[in-house]
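As structure tokens, the structure follows; a few thoughts come after it.
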Amino acid sequence: MLRKAWIMAKTEIRMVFKSRQVKMIPVMIFLMTSVFAALFTPLMIPIVAEVGVEFYSIMMAMLMGTSVVMMPAMLPAMIAADSIVGEKERHTLVPLLASPLTDGELLLGKLLTALIPGIIVAYANLVIGIAIVNGMLLFIAPTLLWIWPSLLAMVQALIFPPLLAAFAVCLMIIISGRVSKVYEAYQIAGFVIIMPMFLVFTELFLSTSINWLLLFFGAAILGIADIGLFQLARNLFNRDKLISRV
Amino acid sequence: MTTTIELKGLTKQFGEIVAVQDVDLEVRKGEVFGFLGPNAAGKSTTVKVATTLLVPTRGTVVVGSHDVLEEPESVRALIGLLPEDGADTHYDRLTTVENLEYFGRLYDVPKETLQNRIDELLEFLELSDRRDDSPGTFSTGLKQKLSLARALIHNPPIVFLDEPTSNLDPIMSRKVREFIQQMAGGSKQTFFMCTHLLSEAEHLCDRVGFISHGRLVEVGSPADLRRKFWTQRTFELQLATGDPAKAKSIVEATSLATSVRIENKRIVFVVEKVERKNPQIVRALVEAGLAIVELRERIPDLEDVYLKVIGGK
């Protein structure tokens, strides 16, 4: 299943990044993370004496967490929104559906097309965030160096973006197969992107009590939800309805 | 000949609308089968069911000994499809070669064969000089050629073509027809093609089927259908001198022709039992002092058969 899905994903990723609009999304994400890091790192240093190093660390985890966990979900959600309805609108869906791809291969191909750029951008974004925060701390407050990310925050930033992106992508693939126009899918994608934002803000309130157990428990639930949602997408995928829907 | 496409009691409904109804049809291996009918007759829907894009409401469809419902992937591996509006079905962000490579890989064409196959198809379809261009820059005719190349990239044993020569110029249309004939020759490939061009079907197809309002109304070779629907024969006669109206009245007076009319100064008459009646008609005209330059039979073409079959339904 993976081989043909990979053929699809490789070709489609190449096509996706020929779009100037899509290329702009990672640039915007990197820019926002850079602004967040450059703004908040020095801004809060004067209050460290008042609130304590631990609270400063929590605040940095909250602010940078929003940037490195939430924002990378934007790109895969937007790519996935276009995945099926976009092909239909551009009339390229019929030859693809008539090829020997199974439903699973086709959906996995679409999932990888949206997920792989999302993961690459998420990790690049994390590296940018870490570099700017710690680069600035090295010069202005070396004692606070490596206060962010802690090992826990690092693991969180590595595990959650792919899991959140996979959730958003599976959801968007289902939606993309059920709407008639690309713009409808994009409108819904905007709403879907709010979900990881909600999760991150929930995490903000839990961040004082977040621990390894909670992290792995959350990751496991999200992982199971991803698999369940992919299976649902597979069950709902119906070539007849896709072709006959006006 | 082995049957390679078999439709049994095929019915396809979209809600209350019956697009295809109780179609029974067998297409033989190596045959070029033409599917003819007016707009919205059910031609494209039949192709979509046979290519696993649509699910039949009732009946069975077997393509290359695989049932479309039970083994859709096996069916898809065997077929090539040039879909309806095929010219618009390319990825504009890929080049001509990349479009073909993509589908070649999806169809498991070995890497070393794929490049040769692409070169061969592009050469034949006169697209070699546009191999690195995006189909987005192509005219409709060029896009149609690329669609044809994509349908044939994996050298499929069964090819479904929905209006293959639409948008092509007459020279390329002829080349494509010759190519199809060449491919189908020696039972190599089976072609199932929908077309509006009756002359194309006449020259290309071993057999044709007429579909109207979702029902298959006639199947047979163009020659068989002509014989079936033309028991009477039509002749046209041209005079060297003399009044065509006078000639018409002479032919009418013999009471040998079923009908007589004048078309472009020619007398057109329909007769049965030609061997006995035609010499008598000619003799009557000559005896009346009329000089005949030409007498020839008007052979009905597939268009006449089509109009008779579909027009009557």
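Can you give the Kirkwood hydrodynamic radius for the protein assembly as shown, in Å, rounded to one decimal and based on Cα pairs? Show your work: numbers first, answer last.
Numbers: mean 1/r = 0.0355 Å⁻¹.
About 28.2 Å, per the Kirkwood formula over Cα pairs.
Enumerate the amide H contacts of B:L161 below 5 Å, restricted to partners 5 or more residues apart or on another chain; note that Pro and chain-start residues carry no placed amide H.
Amide H neighbours of B:L161, under 5 Å, 5+ apart: B:L82, B:F192, B:M193, B:C194.
What is the angle, in °, between the Cα long axis of helix B:274-287 and the longest principal axis of the Cα atoms in chain B? Nearest 10 is fine, range 0 to 90.
On a 0 to 90 degree scale, this one is about 50.
Averaging over every viewing direction, what projected area does the convex hull of the Cα atoms of chain A cover, in nm²?
13.6 nm²
When chain B is modelled as a GNM with alpha-carbon springs shorter than 10 Å, which of B:R174, B:R117, B:R298 fluctuates the most?
Comparing B:R174, B:R117, B:R298 in the GNM, the peak value goes to B:R298.
Using alpha-carbon pairs under 8 Å, 6+ residues apart, how would you state the relative contact order of chain A in percent? Let's see the in-between values first.
Working: 271 pairs, mean separation 72.9, N = 246.
The value is 30 percent.
If you take the charge dipole of the protein assembly as shown about its Cα centre, with +1 on Lys and Arg Cβ and -1 on Asp and Glu Cβ, which of B:G141, B:S212, B:V32 is farthest toward its positive end?
B:S212
Mind checking the mean number of beta-carbon atoms from other chains within 10 Å of the Cβ atoms in B:42-54?
Counting Cβ atoms of other protein chains within 10 Å of each residue's Cβ and averaging gives 3.
Note down the relative contact order for chain B as a percent, whole number, built from C-alpha pairs under 8 angstrom at least six residues apart. Each step should come with its number before you reach the end.
Working: 581 pairs, mean separation 61.0, N = 313.
Normalised by residue count, the contact order of chain B is 19 percent.
What value, in deg cm²/dmol to 500, does the helix sum -39500 (n - 2.57) over DSSP H runs of n ≥ 4 give at 222 nm once divided by the residues of chain B?
Working: 11 runs with 119 residues, N = 313.
My calculation for chain B gives -11500 deg cm²/dmol from helical runs alone.
For chain A, list the DSSP H helices whose alpha carbon atoms reach 24 Å or more along the long axis and whose average Kyte-Doolittle value is 1.0 or above? Mind dumping the intermediate values first?
On the way: long enough: A:20-43 (34 Å, 1.39); A:103-140 (55 Å, 1.76); A:151-176 (37 Å, 2.41); A:182-206 (37 Å, 1.61); A:212-236 (35 Å, 1.54).
Both cut-offs are met by A:20-43, A:103-140, A:151-176, A:182-206, A:212-236.
Go ahead and set up a Gaussian network model of chain B, Cα springs under 10 Å, then flag whichever of B:E16, B:E252, B:E303 fluctuates most.
Comparing B:E16, B:E252, B:E303 in the GNM, the peak value goes to B:E16.
Comparing A:V127, A:V182, A:V192, which has the greatest mean-square fluctuation in the GNM of chain A with Cα pairs linked when under 10 Å apart?
A:V127
Would you please put B:119-132, A:71-84 in order of how densely packed they are, using the mean number of other Cβ atoms within 10 angstrom per residue and starting with the highest? Please report the intermediate quantities before stating the final value.
Numbers: B:119-132: 15.5, A:71-84: 27.6.
So the order, starting with the most tightly packed, is A:71-84, B:119-132.
In peptide B:102-108, what is the residue-averaged number of other protein chain Cβ atoms found within 10 Å of each Cβ? Before the final figure, lay out the partial values.
Details: counts 10, 5, 1, 8, 12, 4, 4.
That average works out to 6.
In the stretch A:1-86, which chymotrypsin sites (Phe, Trp or Tyr not before Pro) fall in coil by DSSP and have 15 or fewer other Cβ atoms within 10 Å? If you can, show how the numbers build up before the last one.
Working: sites: A:W6, A:F17, A:F30, A:F36, A:F40, A:F55, A:Y56; in loops: A:F17.
Listed in order of number, the matching sites are A:F17.
Give the long-range amide H neighbours of B:A19: residues separated by 5 or more places, or on another chain, with amide H under 5 Å away, using H modelled in the peptide plane at 1.01 Å from N.
Distant-sequence amide H within range of B:A19: B:K12, B:Q13, B:F14.
What does DSSP give for the protein assembly as shown in terms of the percent of beta bridges that are antiparallel, rounded to the nearest 5? Before the final figure, lay out each step's value.
On the way: 36 of 53 bridges.
Antiparallel: roughly 70 percent of the beta bridges in the protein assembly as shown.
Cα centroids of the stretch B:1-23 and the stretch B:43-84: how far apart, whole angstrom?
So the two Cα centres are separated by 10 Å.
Cβ under 11 Å from B:D85's Cβ, B:D85 left aside: what net charge do those residues give with Lys, Arg +1 and Asp, Glu -1?
Numbers: positive: B:K143; negative: B:E84, B:D88, B:D162, B:E163.
Taking every other residue near B:D85 into account, the sum is -3.
How large is the charge dipole for the protein assembly as shown, taken about the Cα centre, if only the Cβ atoms of Lys, Arg (+1) and Asp, Glu (-1) carry charge, to the nearest 20 debye? Mind dumping the intermediate values first?
On the way: 56 positive and 58 negative charges, 202 e Å.
Computed charge dipole of the protein assembly as shown: roughly 960 debye.
Calculate how steeply helix B:96-106 sits against the longest principal axis of the alpha-carbon atoms of chain B, using the helix alpha-carbon long axis, and give the answer as 0 to 90 degrees to the nearest 10.
Computed tilt is about 70 degrees.
How large is the dipole of chain B about the Cα centre if only Lys and Arg carry +1 and Asp and Glu carry -1, each at its Cβ, rounded to the nearest 20 debye? Write down the numbers at each step before the final one.
Details: 40 positive and 46 negative charges, 258 e Å.
So the dipole magnitude of chain B works out to roughly 1240 debye.
Need one number for the stretch A:11-59: average projected area of the convex hull over its C-alpha atoms, nm². The partial results should precede the final answer.
Values: hull surface 18.3 nm².
Across all orientations, the stretch A:11-59 yields a mean hull projection of 4.6 nm².
Quick one: grab Rg to one decimal and Dmax as a whole number for the stretch B:3-220, Cα atoms only, in Å.
When restricted to Cα atoms, the stretch B:3-220 yields Rg and Dmax of 16.8, 50 Å.
Write down the Kirkwood hydrodynamic radius of the stretch B:239-300, to one decimal in angstroms, obtained as one divided by the mean of 1/r over all alpha carbon pairs. Walk me through the intermediate numbers first.
Values: mean 1/r = 0.0852 Å⁻¹.
When all Cα pairs of the stretch B:239-300 are included, the Kirkwood radius is 11.7 Å.
Against the longest alpha carbon principal axis of chain B, how many degrees, from 0 to 90 and to the nearest 10, is the axis of helix B:140-152 turned?
Rounded to the nearest ten degrees, it is 70.
Each value in this text was obtained by applying a stated rule to the coordinates, not by laboratory testing. Every value quoted in this text rests on a predicted model; they were computed, and no experiment measured them. For neighbour counting, all protein chains shown are included, and Cβ atoms are generated from backbone atoms with ideal geometry for every residue, glycine included.
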